[in-house]
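Chemist: Mind having a look at this structure? Questions to follow.
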Amino acid sequence: MRVEVNVLESGRDPRVSVQHRPALMMALRTGSLEVGSRCSEMKRFAFGAGEMCLVPRHVETWIRTDELQYSYLSCDISDVALAAACDGTTGDVELRRVGKLVDARVGALAAAVNAERVAGFPSGRLFLDSVEQALAIALVNGYAVRHCSVQTHRGGLGSARLRRIKEFVDAKIEDELTLCEMAQAVELSTAYFSRMFRKSTGETPHQFLLRQRIARAKMMLRSADARVLDVAVACGFKSQQHFAQAFRRVCGVCPKEYRQEFLDDEMTDARELVNS
């Protein structure tokens, strides 16, 4: 999924664009735009911050603003993700144009992408891959011209595949894993793998990877000599700050506090053993 911020300025001639992939647009601030499929047929729309529109592929869109500066987030949805949302249906999956898209689920996913962008994309490709897949499923189910329903399956991944994916994640935990790589490790499509993995484990692949990284970090932090930065890098976090935020969110304390509590408990146990 390609994510970018587009900025429009007042006093400029109408800008024309043609989307080669369907795109979800979300306003980043309140303002108004003139939009139309032709330069001579533009209509004014008011958008509040967080409001969205859906633009299909190969549609010419003219756009202009009277605002001093108007910015919006653009999330292009790949053909691979759309096809996977239709269980691998071949050919283009067409979405219809929606001038004002009101959808709580899609809005929450777009907001998550924007929060990740503002933070500098600390969670890596797997997070964006997972959000793109969820967006593709929601858009195909609600806004496809040629609708392909997502199949439901009983059960989940078998124990052999679950063991294989855990071994794969353990071996690659320092790398920036993608959803496609995890699915390929067990020879499944990304959409089917995501659904079956969650059905089997109760968590998304991204949540599982984060939990595995935190578990390894906790083990490494039990050494008084390990630097927090070295632990962060060894566990696949992009920065020490991102590591500290994720660790606190999961464990309730920062990495240094966790290590100190562990060492204090270990010292207390040693004293009690000597005095017993």
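The values are calculated or read from the model by the stated rules, or taken from the named source; none is laboratory data. It should be emphasised that the depicted structure is a prediction, and the values quoted were computed from it without experimental measurement. Note that each Cβ is placed from the backbone with ideal geometry, even for glycine, and that neighbours are counted across all protein chains shown. Ligands, DNA and RNA are excluded from the accessible area calculation, which covers all protein heavy atoms including side chains. Shrake-Rupley method; radii C 1.70, N 1.55, O 1.52, S 1.80 Å.
Chemist: For region 122-145: of the residues being touching an Asp or Glu at 6+ places or on another chain (Cβ under 6 Å) and open to solvent by 50 Å² or more (accessible area, probe 1.4 Å), which is modelled with the highest pLDDT?
Modeler: 125
Chemist: Considering each residue of region 176-221, count those that are aliphatic (A, V, I, L, M), open to solvent by 30 Å² or more (accessible area, probe 1.4 Å), within 22 Å of residue 1 (Cβ to Cβ) and assigned to a helix (DSSP H, G or I), and give that number.
Modeler: 1
Chemist: What about residue 105, is it open to solvent by 20 Å² or more (accessible area, probe 1.4 Å), at pLDDT 90 or above, more than 30 Å from residue 240 (Cα to Cα) and not in a strand (DSSP E or B)?
Modeler: Yes: the conditions hold for residue 105.
Chemist: How many residues does region 148-175 hold that are assigned to a loop (DSSP other than H, G, I, E, B), basic (Lys, Arg) and either surrounded by 12 or more Cβ atoms within 10 Å (Cβ to Cβ) or modelled with pLDDT of 85 or more (or both)?
Modeler: 1
Chemist: In addition: Looking only at residues that are out of contact with any helix residue (DSSP H, G or I) (no Cβ under 6 Å at 6 or more places or on another chain) and open to solvent by 60 Å² or more (accessible area, probe 1.4 Å) in region 88-102, which one is modelled with the lowest pLDDT?
Modeler: So, considering only residues that are out of contact with any helix residue (DSSP H, G or I) (no Cβ under 6 Å at 6 or more places or on another chain) and open to solvent by 60 Å² or more (accessible area, probe 1.4 Å), the one modelled with the lowest pLDDT is 90.
Chemist: Okay, next question. Here is a list: 232, 246, 224. Which entry is loosely packed, with under 13 Cβ neighbours inside 10 Å and under 24 Å from residue 258 (Cα atoms)?
Modeler: Details: 232 fails: loosely packed, with under 13 Cβ neighbours inside 10 Å; 246 fails: loosely packed, with under 13 Cβ neighbours inside 10 Å.
It is 224.
Chemist: Test each condition in (1) more than 26 Å from residue 120 (Cβ to Cβ); (2) at pLDDT 80 or above; (3) open to solvent by 60 Å² or more (accessible area, probe 1.4 Å) for residue 40 and report the one that comes out false.
Modeler: If we test residue 40 against (1) more than 26 Å from residue 120 (Cβ to Cβ); (2) at pLDDT 80 or above; (3) open to solvent by 60 Å² or more (accessible area, probe 1.4 Å), just (2) comes out false.
Chemist: In a helix (DSSP H, G or I), modelled with pLDDT of 90 or more and not basic (Lys, Arg): is that true of residue 237 in this structure? Lay out the reasoning, then the answer.
Modeler: Details: in a helix (DSSP H, G or I): no; modelled with pLDDT of 90 or more: yes; not basic (Lys, Arg): yes.
Judged against the criteria, residue 237 is not a match.
Chemist: Considering only region 1-37, how many residues are at pLDDT 80 or above and of a type in the set (Lys, Arg)?
Modeler: Residues in region 1-37 being at pLDDT 80 or above and of a type in the set (Lys, Arg): 2 in total.
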